[in-house]
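As structure tokens, the structure follows; a few thoughts come after it.
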Amino acid sequence: MIKYALVCESAHDFDSWFQSSAAYETQAKRGLVTCPECGSAKVGKAIMAPSIARRDRQIIEPQGDPAPSPPPAPTQPVALLDERQQNLRAMVRALHARIVADTDDVGQRFPNEARRMHEGDIPHRSIRGEASLEDARALLEEGVEIMPIPRLPEERN
Ligand SMILES: [Zn+2]
């Protein structure tokens, strides 16, 4: 004799005894195994139910209690410089230092000074200073050879 825990389509579970597992299979196929509560012949072994439930719970539990995702942190562009880029940066820094050392800082008067030099009103010399984008564009269009001084990351404060 073998005892099966059975469950019908309406989820009534009940126990039933059979001569053998083969006998159960035969009777179940013929619809002879019926639910004592509702009489349904659509019954199956309930023995798998606990493991199915456990498998479901393992899947569901992580989803049911999700870790709160942190809000996206503000980002800023960053770069990891390789050796060549570090050399380039050193060159830019050297060029910057050279320009600063070799030029007179005329500040806001730069566009005016540069234009006067270009016109020959004052002697030519190397100057640096501030120019708006519009001033710089106008000077270039007038043929005044100006160049932007490379800015160093440390100076962008
Ligand atoms: Zn039933």
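Each other residue within a Cβ distance under 11 Å of Ala90 adds +1 if Lys or Arg and -1 if Asp or Glu, for a net charge of +2. Using θ = phi - 60° in the Karplus curve 6.51 cos²θ - 1.76 cosθ + 1.60, the 3J(HN,Hα) couplings for region 110-120 round to 3, x, 5, 4, 4, 5, 5, 5, 5, 6, x Hz; x is entered for Gly and Pro.
This ranking places Ser21, Ser16 by how few other beta-carbon atoms lie within 10 Å of each, fewest first, which gives Ser21, Ser16.
With θ taken as phi - 60° and the Karplus curve 6.51 cos²θ - 1.76 cosθ + 1.60 applied, the whole-hertz 3J(HN,Hα) list for region 122-132 is 10, x, 5, 8, 7, 10, 9, x, 9, 9, 6 Hz, x standing for glycine and proline. For region 81-151, a crude dipole built from +1 on the beta carbon of Lys and Arg and -1 on the beta carbon of Asp and Glu, taken about the Cα centre, is about 320 debye to the nearest 20. Scanning residues 5 or more positions from Glu130 or on other chains, those with amide H under 5 Å from its amide H are Gly107, Gln108, Arg109, Phe110, with H placed 1.01 Å from N in the peptide plane.
All of the numbers you see were taken from the coordinates with simple rules; none came from a lab. Treat the numbers as computed from the prediction; the structure is a model and nothing was measured. Because the Cβ atoms are built from the backbone with ideal geometry, glycine has one as well, and the counts that use them run over all protein chains shown.
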